[in-house]
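Participant: Here it is: the structure, laid out below.
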Amino acid sequence: MRRMAALLRRATSIPRPDVGLSAWPQSAFSPAWTPAPPFTCSPVRYLAAKQGKPPAGKGKKKSNPKKTTSDKQEVEIKQRMTVSELAQAMNKDIDHVYEALLNTEVDIDELEPDAHMEEKWIKEVVKRSGMKYKYARLVEVKVRENKDVKRQPPADPAALVSRPPVVTIMGHVDHGKTTLLDSLRKTQVAAMEAGGITQHIGAFLVQLPSGEKITFLDTPGHAAFTAMRARGALVTDIVILVVAADDGVMNQTIESIQHAKKAKVPIILAVNKCDKPQAEPKRVKEQLLAHDIVCEEYGGDVQAIHVSALKGDNLIELAEATVTLAEVLELKADPAGLVEGTVVESRTDKGKGPVTTAIIQRGTIRRGSTLVAGKTWAKVRFLFDENDRLLDKAGPSSAVQIVGWKELPSAGEEIQEVESEQRAREVVEWREYAEEQERLQDERQAVEAKQREHQESYRREREGLAHLSWRQRKNALYRANKHRAAQRPSERSGDDEQLAVPLIIKGDVDGSVEAILNILESYDAHHQCQMDIVHFGVGDITENDVNMAETFSGTIYGFNVEANKPIQQMAAKKSVPVKLHKIIYKLVDDLKEELSSKLPPSMQENVIGEASVLATFAVTVGKKKIPVAGCRVQKGLLDKKMKFRLTRGRDVLWEGSLTAMKHHKDDVQSVKTGMECGLFLDEDVEIQTGDEIVCYQETEVQQKISWDPGF
């Protein structure tokens, strides 16, 4: 108001620029000024906005558009829904339904969770919740037609022909399984095996001097290859159990017996190394009695042949016993019709691509056949025998290498022949769909189990509040949640991150990778160091493996594979460790060392000397009295540089360093056993006669991982 008055005064006293000087009286400019008549001006509105409609394009106020009906959440409703069913359909809490029914005719305090609601109140709750309703309808689910290939019916007995037996050599490591086969087929496979042990299944055909043929499978005896031994037993007709006469029954011997019994396969016992002076074949047979392997000389039905694989003793007798047993079993198969077989081993070859070693069990495989195994298929381009000789076809009981797979099938998969490539694609597509549905079903069951657990927890939480009204229950839950939030632990800092070793595993064949993964599954030291398998596969180390290892800061472990020079240079440039091994237990030992290297070192205490306090006295240094312990060294020596501990009984009174050590009146660095000395502690501690002083040294010791893979 003051400002307005001042403005009005100025307006009446100052000439307006739009009014001429002639309009003013002359007295206004004379020295003897007299007040002029009051100036009349049009009224002015200050700080007032212009009324009316704003011009187009200016001053438009943005308004939030209302949520359309189509954007609202839909709730499927039905007649006679309960309160809990409606809450579940809305994905809300039961109390939300009670709140939506406030200020309605419904008596909320009398409405129980399992009470049925009228249709109009169901709709009202949905509307008040900002949702829209629709009536639930029954939906007919179309079941996808099963496109999987079906097994063939049993062949006509008249079409069956005799086939060679499939014999698996099993037993403990270094008991002479591969050497036995070497002598049978006059090769030197054992000399080529890394470390002298078989590390994958070898399948090949052996023709005896008498003309009979036997297909042999040589399974690994090492503890790491349990799954491969089991696979060998499941595709075989006869098991030859090799036990060293000088070593007896071992762990893998027992495991091989269990695999044979599970597959219901007859056993022939080959007691090897009988040429050694310390050989005890009788002891081996007696040990096997405890595992239900009863030899013929003890009244059983198991043939026992004493052999020497190295010298070739009694190998013909072993082969004849195998052929005789095969004749008793009357092994026959249908060479016509679609092919059926089993993948024994699979690998990736540089020139051939995915290659599988398979045992043909029915039909005759030919070049051009269309096969399905697992979730992949093949148009057979080439067939090879165990000596890489090209074949045109192979009948039942043959061990063949198949080239032409689109992807690498897993070892143990069943091979089935189909009519065309289109049919093969249909089968693979169906199997992928079935696996996806099974995975979704497992996930659905896991979600439902979690929901049931949550609902059960929710029910237990409200059991104690059942006697309260919903308003009282709401308040009680609010107080409980508020208290729970106040007690929430603080988030962990980045310093508490778990130690981890990311791994990339590459192997020469699928069975080797499977064996390594089985070993890693036994890892039980995650509390010390986390072990993460980032990737695994078959084949040599590739650029993708190095890039993946760099991304995850991991280590590449290769088993019987190669890394060419450019890959090694690339890995070195990116600081990616690449560790190649040809013996599986050395790979595991290397991995254990790497895991141990990640652990922080522990402090180990080494006692150097011990002394007992004989007397105590004080020495004045300046104006301060310092307690001195008069001691005699009982064991070892006391070194001033080391740490010391003062104990009384079982109690530790002091730990620290010495400020001085004197022998008589001389300062000394160390005192040996039997000598007396005076010790000046770095703290004022009450020392008594009879106390013990220990001199010790602390050293860092590298911890070792507690994981024990069993070999």
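The values are calculated or read from the model by the stated rules, or taken from the named source; none is laboratory data. None of the values given here were measured: they were computed from a predicted structure. Cβ coordinates were reconstructed from backbone atoms using ideal geometry, including for glycine residues, and neighbour counts include every protein chain displayed. Note: areas computed on protein heavy atoms with side chains; ligands, DNA, RNA excluded. Shrake-Rupley method; radii C 1.70, N 1.55, O 1.52, S 1.80 Å.
Participant: By how many nm would the segment from residue 207 to residue 110 grow when fully extended, if each residue of separation counts as 0.36 nm and the alpha-carbon distance is taken off?
Facilitator: Fully extending the segment from residue 207 to residue 110 adds 26.0 nm.
Participant: Based on the Cβ-Cβ distance of residue 91 and residue 366, what FRET efficiency does E = 1/(1 + (r/R0)^6) give at R0 = 60 Å, to the nearest 0.05?
Facilitator: Numbers: r = 59 Å, r/R0 = 0.99.
That pair, residue 91 with residue 366, gives E of 0.50.
Participant: Between segment 246-295 and segment 505-521, what's the alpha-carbon centroid distance in Å?
Facilitator: Using only Cα atoms, the two centres lie 28 Å from each other.
Participant: If you don't mind, another one. Just in segment 230-300: which trypsin sites (Lys or Arg not before Pro) are loop by DSSP and have at most 16 other Cβ atoms within 10 Å?
Facilitator: Values: sites: 231, 261, 262, 264, 273, 282, 283, 285; in loops: 264, 273.
Those that pass, being in a loop and sparsely packed, are 264.
Participant: Could you tell me how far the Cα centroid of segment 524-603 sits from the Cα centroid of segment 404-458, in Å?
Facilitator: Computed from Cα coordinates, the inter-centre distance equals 31 Å.
Participant: In percent, how large is the relative contact order of segment 606-711, given Cα pairs closer than 8 Å and 6 or more residues apart? It would help to have the intermediate numbers written out before the result.
Facilitator: Numbers: 234 pairs, mean separation 37.6, N = 106.
Relative contact order here is 35 percent.
Participant: Hey, another quick one. Quote the convex hull volume per residue of segment 261-368, based on C-alpha atoms, as a whole number of Å³. Numbers along the way, then the final one.
Facilitator: Details: hull volume 20.4 nm³, N = 108.
That works out to 189 Å³ per residue.
Participant: Ordered by packing density, taken as the mean number of other Cβ atoms within 10 Å over each peptide's residues, highest first, how do 507-517, 294-304 rank?
Facilitator: Values: 507-517: 24.2, 294-304: 14.5.
My ranking of the peptides, most packed first, is 507-517, 294-304.
Participant: Of the heavy-atom accessible surface of segment 577-619 (probe 1.4 angstrom), what whole percent is carbon and sulfur?
Facilitator: Working: 1220 of 2240 Å².
The value for segment 577-619 is 54 percent carbon and sulfur by accessible area.
Participant: Another one. As a test, work out the antiparallel percent of DSSP beta bridges whose residues both lie in segment 264-409, rounded to the nearest 5.
Facilitator: Numbers: 27 of 31 bridges.
DSSP beta bridges in segment 264-409 are roughly 85 percent antiparallel.
Participant: Moving to a separate point now. At a Förster distance of 41 Å, what's the computed FRET efficiency of residue 647 paired with residue 579, Cβ-Cβ distance as r, to 0.05?
Facilitator: Step by step, r from the Cβ atoms, then E = 0.30.
Participant: Give me the Å³ per residue figure for the convex hull around the C-alpha atoms of segment 633-679. Write down the numbers at each step before the final one.
Facilitator: Working: hull volume 3.8 nm³, N = 47.
That works out to 82 Å³ per residue.
Participant: Can you work out the accessible area per residue across segment 510-550, with the rest of the protein chains kept in place, probe 1.4 Å, in square angstrom?
Facilitator: Details: 1790 Å² over 41 residues.
Roughly 44 Å² per residue, with all protein chains present.
Participant: Here's another thing I want to ask about it. How would you order 336-345, 668-677, 443-452 from highest to lowest mean count of nearby Cβ atoms within 10 Å? Display every interim value, and only then the final one.
Facilitator: Values: 336-345: 21.4, 668-677: 15.2, 443-452: 10.1.
Ranked from most to least packed, the peptides come out as 336-345, 668-677, 443-452.
Participant: What dipole magnitude, in Debye to the nearest 20, does segment 356-461 give about its Cα centre under +1 on Lys/Arg Cβ and -1 on Asp/Glu Cβ?
Facilitator: Working: 18 positive and 22 negative charges, 58 e Å.
Magnitude of the dipole: close to 280 debye.
Participant: Suppose R0 equals 56 Å; then what is the FRET efficiency for residue 569 and residue 605 from their Cβ-Cβ distance, rounded to the nearest 0.05?
Facilitator: That pair, residue 569 with residue 605, gives E of 0.75.
Participant: Let me know the Rg and Dmax you get for segment 320-371 when you use only its Cα atoms, in Å.
Facilitator: Considering segment 320-371 through its Cα atoms, Rg and Dmax are 14.9, 44 Å.
Participant: Quick one: length gained pulling residue 436 to residue 619 fully straight, 0.36 nm per residue minus the C-alpha distance? Provide the component values of the computation, followed by the final result.
Facilitator: Numbers: separation 183, 0.36 × 183 = 65.88 nm, distance 8.52 nm.
Extending this stretch completely gives an extra 57.4 nm.
Participant: Placing +1 on the Cβ of each Lys and Arg and -1 on the Cβ of each Asp and Glu in segment 74-124, which of 86, 108, 97 has its Cα farthest towards the positive end of the resulting dipole?
Facilitator: 86
Participant: Looking at segment 310-354, which trypsin sites (Lys or Arg not before Pro) are DSSP coil and have at most 10 other C-beta atoms within 10 Å of their C-beta?
Facilitator: Working: sites: 311, 332, 347, 350, 352; in loops: 311, 350, 352.
Counting only loop positions with at most 10 other Cβ atoms within 10 Å, the trypsin sites (Lys or Arg not before Pro) in segment 310-354 are 350.
Participant: Compare the peptides 540-551, 153-164 by average per-residue count of other Cβ atoms within 10 angstrom and give them in order, highest first.
Facilitator: Values: 540-551: 17.3, 153-164: 12.5.
Packing proxy ranking, top to bottom: 540-551, 153-164.
Participant: Would you work out the charge dipole size for segment 511-658 about its Cα centre, treating the Cβ of every Lys and Arg as +1 and the Cβ of every Asp and Glu as -1, and quote it to the nearest 20 debye? Spell out each step's value before the answer.
Facilitator: Numbers: 19 positive and 18 negative charges, 358 e Å.
For this selection, approximately 1720 debye.
Participant: Order 364, 356, 699 by their accessible area, 1.4 angstrom probe, all chains in place, largest first.
Facilitator: Numbers: 364 20, 356 0, 699 45 Å².
Descending order: 699, 364, 356.
Participant: So, one more: DSSP loop trypsin sites (Lys or Arg not before Pro) in segment 551-656 with at most 16 other Cβ atoms within 10 Å of their Cβ, which ones? Provide the component values of the computation, followed by the final result.
Facilitator: On the way: sites: 573, 574, 579, 582, 586, 592, 598, 623, 624, 625, 632, 635, 640, 641, 643, 645, 648, 650; in loops: 574, 582, 623, 640, 641, 650.
In loop regions of segment 551-656 (DSSP not H, G, I, E or B), the sparsely surrounded trypsin sites (Lys or Arg not before Pro) are 574, 582, 623, 641, 650.
Participant: For the pair residue 132/residue 275, report the inter-label distance in nm, with labels modelled 7 Å from Cα in the Cβ direction.
Facilitator: Once both label points are built, they end up 9.1 nm from each other.
Participant: What do you reckon, how do 663, 454 stack up by accessible area (1.4 Å probe), largest on top? Walk me through the numbers before you get to the answer.
Facilitator: Values: 663 50, 454 125 Å².
Largest accessible area first, the residues go 454, 663.
Participant: As a test of understanding, state the convex hull volume per residue of segment 517-614 from its alpha carbons, in Å³. If you can, show how the numbers build up before the last one.
Facilitator: On the way: hull volume 16.8 nm³, N = 98.
About 172 Å³ per residue, rounded to a whole number.
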